[in-house]
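Presented below is the structure to which this report refers.
The values are calculated or read from the model by the stated rules, or taken from the named source; none is laboratory data. On a predicted model such as this, the values are computed, not experimentally measured, just so you know. Here Cβ is always computed from backbone atoms with ideal geometry, including for glycine, and neighbour counts include all displayed protein chains. Heads up: the accessible areas ignore ligands, DNA and RNA and are worked out on the full protein's heavy atoms, side chains in. Shrake-Rupley method; radii C 1.70, N 1.55, O 1.52, S 1.80 Å.
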Amino acid sequence: MSEPFTTWQSRFEKLRSNKFFEAMVIAIIVVSALVIGAKTYDETSQIEQWLLYLDIAVTIFFLIEILIRIAAERSLLDFFKKGWNVFDFLIVTASLIPMDDSEMVLLARLLRIFRVLRLVSMIPELQMLLGALVKSVPRMGYVVLLMFIIFYIYAALGSFLFHNVDDFLWGNISVAMLTLFRIATFEDWTDVMYATQEVYAWSWVYYLTFIFLTAFIFLNMMIGIVLDVMQKESALLDLDNEEGDAAQMQGLRRDVRDLRAQLDRMESALAQSHSPHGSAHNDAGGKHTDKPTTD
């Protein structure tokens with residue numbers, strides 16, 4: 001690797017890790033989101049051309065920013081090893097689709113909406129939250145399966161018991177499951193309960209046990225799973241930050257050692273220039289043999 005390339009790579013790396021540069025990228029992402037939202041209003045039709053120019057400017061900025069991040073890596077493969085870098089690259093590449101083609105306008109607008117997700121790739125804390133959510137899905141699947149079983153049992157019971165009260169809510173097991181979902185979300189569930197209580201006074205037991213199982217137990221189980229995964233992800237993030245700080249300290253120590261080695265070489269060179277052999281040579285060269293003169 002040539003020295004000029006290494007110099008430029010280190011400069012791009014410093015620019016990429018610069019806090020002001022990161023803040024500017026986040027601000028541009030927010031501006032891009034506002035531009036997309038502004039296009040949904042009819043009142044902005046008068047400035048539609050300016051919004052188009054602003055969208056082009058944002059797209060060019062994102063292109064330059066992704067090129068800087070690629071140039072900051074030691075190799076192209078290192079850049080694409082990170083999943084978030086691949087995501088950013090795909091979003092920026094998709095943003096280059098022109099919007100003047102009538103067949104591609106809808107696709108281009110839909111792809112530009114996903115540029116808002118670049119906030120996640122720019123902020124490590126959001127990456128941790130999203131990673132925790134994704135990793136929680138497999139563990140929550142068993143809770144969802146158990147909830148489905150409970151929903152199915154209660155829906156079958158509700159359809160058998162209450163279909164004569166309100167056929168629209170309890171006519172069959174599918175609509176009964178939708179009614180139970182409404183009850184689990186506390187959406188006017190008391191109206192449903194009071195309607196069945198007029199016929200079956202004991203029906204409150206059915207509703208309270210269902211709400212206790214779904215809203216209290218299963219919901220808290222899901223929250224506990226997400227919190228557990230988030231705690232582990234936070235510990236990994238702290239560990240990565242500590243490793244990054246340790247690597248930075250090692251780099252500083254390496255620079256200090258190199259600086260000390262250079263100073264030692266300079267001191268040894270100065271010492272050699274002022275050595276006795278050098279001074280003796282100077283003295284020998286400076287002596288004059290004066291012969292005594294006789295009158």
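So what is the relative contact order for the range 138-235, in percent, with contacts set as C-alpha pairs under 8 Å and at least six apart?
26
Order TRP204, TRP50, TRP189, TRP84, most accessible first, counting only protein heavy atoms with a 1.4 angstrom probe.
TRP50, TRP204, TRP84, TRP189
Can you give the three extents of the C-alpha atoms in the range 121-162 along their principal axes, from longest to shortest, in whole Å?
Each principal axis gives a Cα extent; for the range 121-162 these are 54, 17, 9 Å.
On the accessible surface of the range 21-91, probed at 1.4 Å, how many percent belong to carbon and sulfur atoms?
Within the range 21-91, the accessible surface is 71 percent carbon and sulfur.
Test of the criteria: in the range 105-201, which GluC sites (Glu not before Pro) are in a DSSP loop and have at most 14 other Cβ atoms within 10 angstrom of their Cβ? All intermediate terms of the calculation are to be shown ahead of the outcome.
Numbers: sites: GLU125, GLU187, GLU198; in loops: GLU187, GLU198.
When the GluC sites (Glu not before Pro) of the range 105-201 are filtered for loop state and at most 14 Cβ neighbours within 10 Å, GLU187, GLU198 remain.
How large is the Rg to Rh ratio of the range 191-240 when both quantities use alpha carbon positions and Rh follows Kirkwood?
1.42
Against the globular-protein guess of 2.2 N^0.38 Å, express the Cα radius of gyration of the range 100-227 as a ratio, rounded to two decimals.
Ratio of Cα Rg to 2.2 N^0.38 Å: 1.51.
List the pairs from LYS19/LYS232; LYS39/LYS135; LYS82/LYS232; LYS14/LYS39; LYS19/LYS82 whose alpha-carbon separation is above 31 Å, in the order I gave them.
Distance filter (> 31 Å) returns LYS39/LYS135; LYS14/LYS39.
Over what distance in Å are the Cα centres of the range 43-82 and the range 204-233 separated?
What the calculation gives is 42 Å, centre to centre.
Ordering VAL116, VAL137 from largest to smallest accessible area (1.4 angstrom probe), what's the sequence?
Highest to lowest solvent-accessible surface, that is VAL137, VAL116.
In µm²/s, what is D for the range 2-122 at 20 °C and 1.002 mPa s, where D = kT/(6 pi eta Rh) by Stokes-Einstein and Rh is the Kirkwood radius from Cα pairs?
138
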